[in-house]
Amino acid sequence: MRPSGRNLDMLRPISIEPGATRHAEGSCLISVGDTKVLCTASLEDRTPPFLRNTGLGWVTAEYGMLPRATNTRIRREAAAGKQQGRTVEIQRLIGRSLRACVDRSALGERQITIDCDVLQADGGTRCAAITGGWVALRLAVNKLLAAGDVTSDPITDHLAAVSCGIYAGLPVLDLDYAEDSQAGVDGNFILLGSQRLVEGQMSAEGATFSRAEMDQLLDLAEKGVAELIAAQKVAIA
């Protein structure tokens, strides 16, 4: 039995609220159970120097957790003077995942920055950030299309992410913190709407896993991502 009482293949309740902030070109507040992430997309008519005069755009991301996103206060990284390695790794993951569904030549020489701020953490924050980050990106690109600033849609597909793992010897979908902290195997899967894999991260936290178990987790991920994409479609409708 899972601590939450969910079936093995059941997501936590999903809520995606678009237009969560006034000033950002695209934004949403995504809630995955008790995990809540504010995602905003900011447009700039410039690219990083290494892309200047290439005709290509860029999508990048930043990620952070508020001090009381967890049950004890986390010191602000700005106060510490540097980002933690986990933060850098997650924001790079978000950025490269979102770039996988963007035609950068259609975007033109402009940059979109996706900011993902974790308001409350209960497992799966990076997955929620990617799923909500796509919605914020979609809304920002819609404004470019409406204004005629781009002539063809640079977003090529939906993108969402979900965690899967082996908890108490069983494969489960969408781990919350109680499961994540005790899981024998922990994984994150990022998939396009076409179900093509963008990235998979799996690790043995307390027990090794077989090829058959990995396939079970991927099957769960495909089911979960399909449901997350359905929620994305409702949010941007």
Of the residues ALA235, ALA161, which single one is crowded, with 18+ Cβ neighbours inside 10 Å and part of a strand (DSSP E or B)? ALA161
So LEU228, is it more than 21 Å from LEU98 (Cα to Cα) and either touching a helix residue (DSSP H, G or I) at 6+ places or on another chain (Cβ under 9 Å) or crowded, with 20+ Cβ neighbours inside 10 Å (or both): no
Go through (1) in contact with an Asp or Glu (Cβ under 8 Å, 6 or more places away or on another chain); (2) free of Cβ contacts under 8 Å to residues at least 60 places away in the same chain; (3) of a type outside the set (S, T, N, Q) and name the single condition ALA230 misses. (1)
Within the stretch 62-85, restricting attention to residues that are surrounded by 11 or more Cβ atoms within 10 Å (Cβ to Cβ) and of a type in the set (Lys, Arg), which residue is nearest to LEU107 (Cα to Cα)? ARG76
Answer residue from the stretch 1-29, given it is in contact with a Gly (Cβ under 7 Å, 6 or more places away or on another chain) and touching a residue at least 60 places away in the same chain (Cβ under 8 Å) and is surrounded by the most Cβ atoms within 10 Å (Cβ to Cβ) among those: CYS28
Which of the residues spanning the stretch 30-61 are buried (at least 17 other Cβ atoms within 10 Å of the Cβ) and either of a type in the set (Asp, Glu) or touching a Phe, Trp or Tyr at 6+ places or on another chain (Cβ under 8 Å) (or both)? THR47
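Values quoted throughout were computed directly from the atomic coordinates according to the rules given, and no laboratory measurement underlies them. Please read these numbers as outputs of a predicted model, since none were measured by experiment. Neighbour counts are summed over all protein chains in view; Cβ atoms, including those assigned to glycine, are modelled from backbone coordinates with ideal geometry.
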